[in-house]
Amino acid sequence: MTVTARPDLYPTRIIGEPVPQQRPDPTVWGSATGPLSEEQLARYESGGYLVLDELLSGEEVAVYLEELRRLGTDPALRASRRVILEPDSDQVRSVFEVEKVSELFATLLRSPRLTDIARQVLDSDVYIHQSRVNYKPGFGGAPFHWHSDFETWHSEDGMPRPRAFSVSIALTENHPFNGPLMVMPGTHKSFIPTVGETPEDYHEESLRVASPSVGSPDQRHLTRMATEHGIEQITGPAGSAVMFDSNLLHGSNGNLSPFARSNIFIVYNSVENTLGSPFSAPKPRPQHLSNREFPTASA
């Protein structure tokens, strides 16, 4: 039997000179009606991100914040692979696959107020590719270096195309001084390959260090993109959220303030864009980082 290789539309983790390419895929994948207005869809398509004010009420924020604290202090969970610690301390950096360890978060992640947006933007049924809570504790929450999520999901998880997006829901206020999300608007329309082969079990390094050795564009390309597109900080109160395209360049500074910058992070992927073999890694990442329990697309 002959096995047909999948075409790689986004080659990365290369040897040699990385040459950016114009993205061949759309950002908004259809014209279906849904919770977002035409004006909101146009802003998301143009900039690659959209702020959603007051997604959660104050009462909901309090409930979810308490659940975040519970997960971060659960001894059994802390001993599992789902928990990532800060690079320079034993404080919790992230807890992954939260829909498997919290019924409260599972209900939110699968609620129509989020999945209806995902179906509208991705023009299909969707599933959760990845979820986590990020703690970004005061006095030491480490930075997240500039990167495109899709570059990782494509090379290490086998996601074929950028038919996915993330939602980051603030559970604490995002101040300019506590390490908020930073984005380069419009960079989602270009794919920048990165240089270097993916090491075995690379996720064990990349999720914890501030500057991973592989998977981020080089400084020359980052400087050019920042000069061309600018950098914007996403600040706002607890309960607000930002959705952003899987290929948008983003990162965040470390948190030297006393105030945590904690959030719920969900990735929705189209059921027509499910994972195969990694395009540029020896083997897939573990299930808690890269969900392979996905539904099939409707006929």
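Ala42 to Phe177: extension gain in nm, 0.36 nm per residue of separation minus the Cα-Cα distance?
Value of the extension gain: 45.6 nm.
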(Q) Leaving out ligands, DNA and RNA, and with a 1.4 Å probe, what % of the accessible surface on the chain is carbon or sulfur? (A) 53
Q: Find how much the distance from Arg69 to Ile231 grows on full extension, using 0.36 nm per residue of separation minus their present alpha carbon separation; answer in nm with one decimal.
A: 55.2 nm
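Students often check this: by mean Cβ neighbours within 10 Å, which of 134-145, 164-175 ranks highest, and how do the rest follow?
On the way: 134-145: 20.3, 164-175: 22.4.
In descending order of packing, they fall as 164-175, 134-145.
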Q.
Give me the one-decimal nm value for the distance between modelled label points at Phe294 and Arg224, 7 Å along each residue's Cα-to-Cβ direction.
A. 3.1
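Could you work out how much longer the chain between Gln287 and Thr33 gets when fully extended? Use 0.36 nm per residue separation minus the Cα distance between them, nm to one decimal. Walk me through the numbers on the way to the answer.
Working: separation 254, 0.36 × 254 = 91.44 nm, distance 3.26 nm.
Net length gain for the segment: 88.2 nm.
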(Q) Taking θ = phi - 60°, what integer Hz values does the Karplus form 6.51 cos²θ - 1.76 cosθ + 1.60 yield along the stretch 114-122, in sequence order, with x for Gly and Pro? (A) 9, 5, 5, 5, 4, 5, 5, 6, 8
(Q) Give me the tail of P(r) for the chain as a percent: Cα-Cα pairs with distance above 35 Å. (A) 12
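If you take the square roots of the eigenvalues of the alpha-carbon gyration tensor of the stretch 110-231 and sort them as a ≥ b ≥ c, do you get rounded (a/c under 1.5), prolate (a/b over b/c) or oblate? If you can, show how the numbers build up before the last one.
On the way: a/c = 1.34, a/b = 1.13, b/c = 1.19.
The shape class here is rounded.
Which loop-located trypsin sites (Lys or Arg not before Pro) does the stretch 201-282 contain, where loop means any DSSP state but H, G, I, E or B and the Cβ has at most 16 other Cβ atoms within 10 Å?
Working: sites: Arg208, Arg220, Arg224, Arg261; in loops: Arg208, Arg261.
In loop regions of the stretch 201-282 (DSSP not H, G, I, E or B), the sparsely surrounded trypsin sites (Lys or Arg not before Pro) are Arg208.
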Q: Considering only protein heavy atoms, with the full assembly of protein chains and a 1.4 angstrom probe, order Ile264, Ile84, Ile231 by accessible area, largest first.
A: Ile231, Ile84, Ile264
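Is it possible to state the helix-based mean residue ellipticity at 222 nm for the chain, with each DSSP H run of 4+ residues giving -39500 (n - 2.57), the sum divided by total residues, to the nearest 500 deg cm²/dmol? What is it? Let's see the in-between values first.
Numbers: 9 runs with 70 residues, N = 299.
Helices in the chain give a 222 nm mean residue ellipticity of -6000 deg cm²/dmol.
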(Q) For the chain, what does the accessible surface come to per residue with a 1.4 Å probe? Please give it in Å². (A) 44
(Q) Suppose a student asked you for the relative contact order of the stretch 89-143, using Cα pairs under 8 Å spaced at least 6 residues apart; what percent would you report? (A) 48
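The values are calculated or read from the model by the stated rules, or taken from the named source; none is laboratory data. Treat the numbers as computed from the prediction; the structure is a model and nothing was measured. When we count neighbours, we look across all protein chains shown, and the Cβ atoms used for this are built from the backbone with ideal geometry, even at glycine. Side chains included, ligands, DNA and RNA excluded: accessible areas come from the protein's heavy atoms. Shrake-Rupley method; radii C 1.70, N 1.55, O 1.52, S 1.80 Å.
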